[in-house]
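What follows is a single structure, written as structure tokens, with notes after it.
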Amino acid sequence: MLSIKSPIVAAVLFAVCFLTTATVSADPITAGSLTFVPSSGTGFTLSGPGLAVNGTTAQLNSSVSLLSNGLIGPGGNGSTGGSVDSQDSELFLTMPITAGGVSYNPGAYLLGLRFSSSSFMAPVQLASGFVVIAPFTVTSGLIEGYPNSLGDVPIFSVPLTGQGTTILTFMLQGDVYRLQGQTFVFGTSVQGTTVQSIPEPTSMFLLLTSFAGLARFRRKRS
């Protein structure tokens, strides 16, 4: 199956983006988000000054091409980026599609996005899980529509740009962590990458109990 991740299609995507930017302005994605979780697909809307795309993401499974999709051990290194595209059944669009400020109802479509990556290290001390927050940019992006099927002369072909913040959630399974969800939020980017442990249930209970005791102590003193 053709996909943005195959060498041939990746080269075509680069060539299309390079050649069309001289005559077709890129559509920036300025709002919206893409979320991948194991339980089910998630609806999304991506929008910008000339862009409106609606659809559903795929369920997070082993074939979704996010770099941290899998297992990571305590103290292990991971990466936040990856790529998703409609031809690998990672994104499903609904009609109409607005690109370049024009609304279309194509018979077939291609949407591909490749995200920049930041590195991180999983907590060395075992915890219930951890959350990674990092910036991203769309290093290559394309949306195309075709009259009937892929391979037809495109009705439209518009490069896509964007930036924002990605959030990854890992949960402990045995003695390793597994990615349980990743969201790409378009718009504002954070500065740098942060990793925050999720306390064990017992630790969380003790922490909440100490907060409640402190609150009672303060009320008594006042």
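The values are calculated or read from the model by the stated rules, or taken from the named source; none is laboratory data. All of these numbers come straight from a predicted model, not from anything done at the bench. Every residue, glycine among them, receives a Cβ derived from its backbone with ideal geometry; neighbour counts consider all protein chains shown.
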Practice item. Mind listing whichever residues of the stretch 109-132 are aromatic (Phe, Trp, Tyr) and over 30 Å from Gly151 (Cβ atoms)? Key: Phe120, Phe130
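Give the residue, chosen from Gly73, Gly78, that is among the small types (Gly, Ala, Ser), surrounded by fewer than 14 Cβ atoms within 10 Å (Cβ to Cβ) and out of contact with any Pro (no Cβ under 8 Å at 6 or more places or on another chain).
Values: Gly78 fails: surrounded by fewer than 14 Cβ atoms within 10 Å (Cβ to Cβ).
Result: Gly73 is the single residue among Gly73, Gly78 that is among the small types (Gly, Ala, Ser), surrounded by fewer than 14 Cβ atoms within 10 Å (Cβ to Cβ) and out of contact with any Pro (no Cβ under 8 Å at 6 or more places or on another chain).
Part of a strand (DSSP E or B) and out of contact with any Cys (no Cβ under 7 Å at 6 or more places or on another chain), is that true of Leu110? Can you show your working first?
Values: part of a strand (DSSP E or B): yes; out of contact with any Cys (no Cβ under 7 Å at 6 or more places or on another chain): yes.
It is true that Leu110 is part of a strand (DSSP E or B) and out of contact with any Cys (no Cβ under 7 Å at 6 or more places or on another chain).
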Review point. How do the pairs read when you match residues in the stretch 67-96 that are part of a loop (DSSP other than H, G, I, E, B) and modelled with pLDDT of 95 or more with residues anywhere that are surrounded by fewer than 16 Cβ atoms within 10 Å (Cβ to Cβ) and acidic (Asp, Glu), using Cβ under 8 Å and keeping only pairs 6 or more apart or on different chains?
Key: Gly73/Asp175; Pro74/Asp175
Revision key, fill the gap. Looking across the stretch 104-144 at residues that are more than 17 Å from Phe184 (Cα to Cα) and polar (S, T, N, Q), the single one that is surrounded by the fewest Cβ atoms within 10 Å (Cβ to Cβ) is Gln125
Exercise for review: Give the residues of the stretch 57-80 that are out of contact with any Asp or Glu (no Cβ under 8 Å at 6 or more places or on another chain) and under 30 Å from Ile155 (Cα atoms), sorted by residue number.
Suggested key: Gln59, Leu66
Exercise for review: Please specify each residue of the stretch 169-186 satisfying the condition of being farther than 18 Å from Leu34 by Cβ and polar (S, T, N, Q).
Suggested key: Gln173
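Scan the stretch 147-168 and tell me whether some residue there is closer than 24 Å to Val37 by Cβ and either touching a Lys or Arg at 6+ places or on another chain (Cβ under 7 Å) or among the acidic types (Asp, Glu) (or both). Before you say what the answer is, go through the steps one by one.
Our first condition is that a residue be closer than 24 Å to Val37 by Cβ; within the stretch 147-168, this holds for 160, 162-168.
Checking the rest, the ones that are also either touching a Lys or Arg at 6+ places or on another chain (Cβ under 7 Å) or among the acidic types (Asp, Glu) (or both) come to none.
Among the residues of the stretch 147-168, not one is closer than 24 Å to Val37 by Cβ and either touching a Lys or Arg at 6+ places or on another chain (Cβ under 7 Å) or among the acidic types (Asp, Glu) (or both), which makes the answer no.
Taking Leu110, is it hydrophobic (A, V, I, L, M, F, W, C), over 30 Å from Thr193 (Cβ atoms) and in contact with a helix residue (DSSP H, G or I) (Cβ under 9 Å, 6 or more places away or on another chain)?
When the stated conditions are applied, Leu110 passes them.
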Point to revise | Residue in the stretch 145-170 that is surrounded by the most Cβ atoms within 10 Å (Cβ to Cβ), counting only those that are hydrophobic (A, V, I, L, M, F, W, C) and at pLDDT 95 or above | key: Phe170
